[in-house]
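The values are calculated or read from the model by the stated rules, or taken from the named source; none is laboratory data. Remember, predicted model here, so these are calculated numbers, not experimental data. Don't worry about glycine lacking a Cβ; one is built from the backbone with ideal geometry, like all the others, and counts go over all protein chains shown. Heavy atoms of the whole protein, side chains included, go into the accessibility calculation; ligands, DNA and RNA do not. Shrake-Rupley method; radii C 1.70, N 1.55, O 1.52, S 1.80 Å.
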Amino acid sequence: MAKTNAKPYSNLIGGNWKAPNGSTLENHNPADYSEIVGLFPIASLEDTKNAIDAAHSALPAWSRTPAPTRGAILDKASQIITSRIDEIATALTREEGKTLAEAKGEVTRARDIFKYYAGEGWRYSGQVLPSSVNDELLYTRRESLGVVSIITPWNFPIAIPAWKIAPALIYGNTVVFKPAEDAPHTALLLVEALVEAGLPAGVINFLTGDGALIGTEMASNSNVNGISFTGSHSTGTKVYQNAIKNMARVQLEMGGKNGLVILKDANLDLAVKFAIAGGFGLSGQACTATSRVIVEEEIADAFVSALTIATKNLVVGNGLESGVQMGPLVNHDQLETSQSYMTLGQKEGAKLLIGGEVDGQKGYFAQATIFDHVEPTMRIAQEEIFGPVISVIRANGLNDAIEKANAISFGLSAGVVTNNLKDAFAFANQVDAGVVKINEPTTGLALNAPFGGFKGSSANTFKEQGQAAMDFYTRTKTIYVNHG
Ligand code: ADP
């Protein structure tokens with residue numbers, strides 16, 4: 001699509017759609033970067049302040065709206081998403097690159113998240129506590145936190161916004177939402193569904209453009225009460241530093257270096273399946289991706305050869321084409337990062353078994369890559385790559401495997417493949433990660449369970465998803481009523 005034909009999209013500020021004014025953010029198809037899939041506004045600082053003001057003005061009425069009424073709007077949005085799954089999934093693949101099957105799964109997840117939180121509108125509550133004196137009612141109320149800034153990455157451009165926006169809204173908060181520069185279209189389709197569902201003006205505001213400019217204001221503006229962020233560790237750190245000036249509440253999710261441990265009694269077919277799903281699903285661009293496989297020496301050769309064969313068979317290509325199992329990386333930076341780690345792994349002395357190259361001629365394609373004999377201290381075993389690169393680390397026994405799994409600065413997700421119940425629970429109890437998977441890939445989350453990492457993977461403040469989200473998006477008031 002030529003640039004002149006590319007469609008311009010708008011921002012949403014205080015209920016008004018604001019078309020691009022001057023230069024725009026070009027949104028490209030990563031499977032064919034000559035195709036511009038949309039042009040998005042570059043919001044100014046004034047736009048950002050106006051969006052925060054609009055959310056602030058909309059707060060009193062929205063926070064006083066009965067929660068089941070708020071839930072009815074979320075339920076309607078869920079129905080609208082359901083009726084547009086194919087359209088939204090296609091838009092998602094065109095701007096982010098993952099396969100259509102992966103995109104459909106993600107849109108379906110967003111639909112379910114809205115449905116789940118719509119129900120929460122009928123359920124959530126405070127507590128009634130025993131009083132220490134006669135004739136006193138002692139209870140707590142969950143109130144909305146206030147105006148929340150939601151800053152999201154490109155890798156799950158509808159699921160992550162959904163799991164932040166749906167709880168924000170059901171608990172009575174108003175929202176300023178900024179998606180990543182590389183995937184604004186899917187985010188816009190979500191906002192459109194909410195507007196169509198009847199969300200009042202100003203309750204959600206949508207901004208696109210320069211992440212640092214908009215994001216700095218969204219984190220530091222004194223009318224913002226909370227910031228929920230998912231992205232890189234370095235940006236998350238800036239968000240925290242800006243938020244602390246106003247003592248705003250912060251929730252940060254910042255990546256991982258997730259290890260899948262394979263013990264010697266494991267079913268090898270399953271182990272290979274989980275490593276492929278976790279390592280190469282979404283082209284390795286998931287916070288919970290399996291970037292390290294820690295395997296007991298006794299079965300390492302057999303495992304590595306089966307993994308290499310399965311990897312050889314992976315079909316890489318444009319995610320919109322049927323049969324493709326791994327799409328491109330999202331942008332040129334990601335391609336260069338993957339390439340640099342593929343080169344680094346060889347320099348560090350790891351054994352390259354398959355892959356090791358990228359092809360950026362038309363789209364941002366990277367080969368599924370496996371390194372064997374990786375030492376835990378190597379940079380490829382320590383740093384988040386966010387590409388299709390698996391480092392195989394060999395271990396001697398369960399304790400050595402757990403030690404190696406923990407020898408990183410991150411602590412998001414970890415997995416173990418074994419048929420030994422005792423070892424599985426020892427791993428679950430001793431591994432330093434916020435999510436543990438036993439005989440499952442390190443990727444994949446339940447929408448109703450708490451999600452969040454330990455160590456450098458998060459701010460170690462509040463969990464996301466399920467009812468855990470209520471702790472971040474509400475404040476607790478304690479009320480003493482003497483009726484004697
Ligand atoms: P990635 O490296 O995956 O692109 P980032 O952490 O840079 O991750 O981006 C995550 C989100 O943070 C995006 O929406 C991006 O626009 C936004 N962002 C970028 N810089 C800042 C900043 N200084 N403050 C707040 N948000 C930012």
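All but one of (1) more than 25 Å from Val128 (Cα to Cα); (2) open to solvent by less than 50 Å² (accessible area, probe 1.4 Å) hold for Ile479; state the number of the condition that does not hold.
Result: Ile479 passes all but (1).
Any residue at all in the stretch 20-37 that's more than 24 Å from the chain's Cα centre (by Cα), of a type in the set (A, V, I, L, M, F, W, C) and more than 30 Å from Leu329 (Cβ to Cβ)?
No, there is no match, as no residue in the stretch 20-37 is more than 24 Å from the chain's Cα centre (by Cα), of a type in the set (A, V, I, L, M, F, W, C) and more than 30 Å from Leu329 (Cβ to Cβ).
If the requirement is being farther than 30 Å from Pro328 by Cα, part of a strand (DSSP E or B) and of a type outside the set (A, V, I, L, M, F, W, C), which of these qualifies: Glu143, Glu120?
Unique residue meeting the criteria: Glu143.
For the stretch 218-229, give me the residue count where each residue is part of a helix (DSSP H, G or I) and within 7 Å of the ligand (Cβ to nearest atom).
Qualifying residue count, the stretch 218-229: 2.
Can you give me the number of residues within the stretch 155-179 that are open to solvent by less than 10 Å² (accessible area, probe 1.4 Å), part of a loop (DSSP other than H, G, I, E, B) and within 12 Å of the ligand (Cβ to nearest atom)?
3
Could you tell me whether any residue of the stretch 61-68 is under 23 Å from the mean Cα position of the chain (by Cα) and either open to solvent by 10 Å² or more (accessible area, probe 1.4 Å) or farther than 19 Å from Met218 by Cα (or both)?
no
Could you look through the stretch 86-98, keep only residues that are out of contact with any strand residue (DSSP E or B) (no Cβ under 9 Å at 6 or more places or on another chain) and open to solvent by 10 Å² or more (accessible area, probe 1.4 Å), and pick out the one that is nearest to Gly319 (Cα to Cα)?
Thr90
Could you list, in sequence order, the residues of the stretch 325-341 that are within 15 Å of the ligand (Cβ to nearest atom) and part of a loop (DSSP other than H, G, I, E, B)?
The answer is Leu329, Val330, Asn331.
Sort through Ala101, Ala77, Ala54 and tell me the only one that's closer than 20 Å to Ile158 by Cα, of a type in the set (Gly, Ala, Ser) and open to solvent by 10 Å² or more (accessible area, probe 1.4 Å).
Going through Ala101, Ala77, Ala54 in turn, just one is closer than 20 Å to Ile158 by Cα, of a type in the set (Gly, Ala, Ser) and open to solvent by 10 Å² or more (accessible area, probe 1.4 Å): Ala101.
Return the pairs, sorted by first residue and then second, in which the second residue is more than 8 Å from the ligand (Cβ to nearest atom) and in a helix (DSSP H, G or I), the first residue lies in the stretch 218-244 and is without any contact (Cβ under 8 Å) to a residue 60 or more places away in the chain, the beta carbons are less than 6 Å apart, and the residues are 6+ apart or on different chains.
Short answer, once both residue conditions are applied: Asn242/Ser220.
Quick check on the stretch 283-302. Is at least one of its residues open to solvent by less than 20 Å² (accessible area, probe 1.4 Å), at positive phi and among the polar types (S, T, N, Q)?
Yes, the conditions are met somewhere in the stretch 283-302.
Quick grid of which residues meet (1) over 16 Å from Gly279 (Cα atoms); (2) touching a residue at least 12 places away in the same chain (Cβ under 8 Å); (3) open to solvent by less than 40 Å² (accessible area, probe 1.4 Å):
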| position | (1), (2), (3) |
| --- | --- |
| Gly360 | yes, yes, yes |
| Thr369 | no, yes, yes |
| Arg379 | yes, yes, no |
| Gly387 | no, yes, yes |
| Ala424 | yes, yes, yes |
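Given Gly209, Gly215, which one is part of a loop (DSSP other than H, G, I, E, B), at pLDDT 95 or above and within 15 Å of the ligand (Cβ to nearest atom)?
Gly209 is the lone residue from the list that is part of a loop (DSSP other than H, G, I, E, B), at pLDDT 95 or above and within 15 Å of the ligand (Cβ to nearest atom).
Look through Leu260, Leu189, Leu199, Leu268 and report the one residue that is open to solvent by less than 10 Å² (accessible area, probe 1.4 Å) and either more than 8 Å from the ligand (Cβ to nearest atom) or under 24 Å from Gln334 (Cβ atoms) (or both).
Leu260
Residues of the stretch 230-250 being in a helix (DSSP H, G or I) and touching a Lys or Arg at 6+ places or on another chain (Cβ under 9 Å), which ones?
Across the stretch 230-250, the qualifying residue is only Ala243.
Can you confirm whether Gly255 is under 25 Å from Ala401 (Cβ atoms), part of a helix (DSSP H, G or I) and either within 16 Å of the ligand (Cβ to nearest atom) or open to solvent by less than 30 Å² (accessible area, probe 1.4 Å) (or both)?
no
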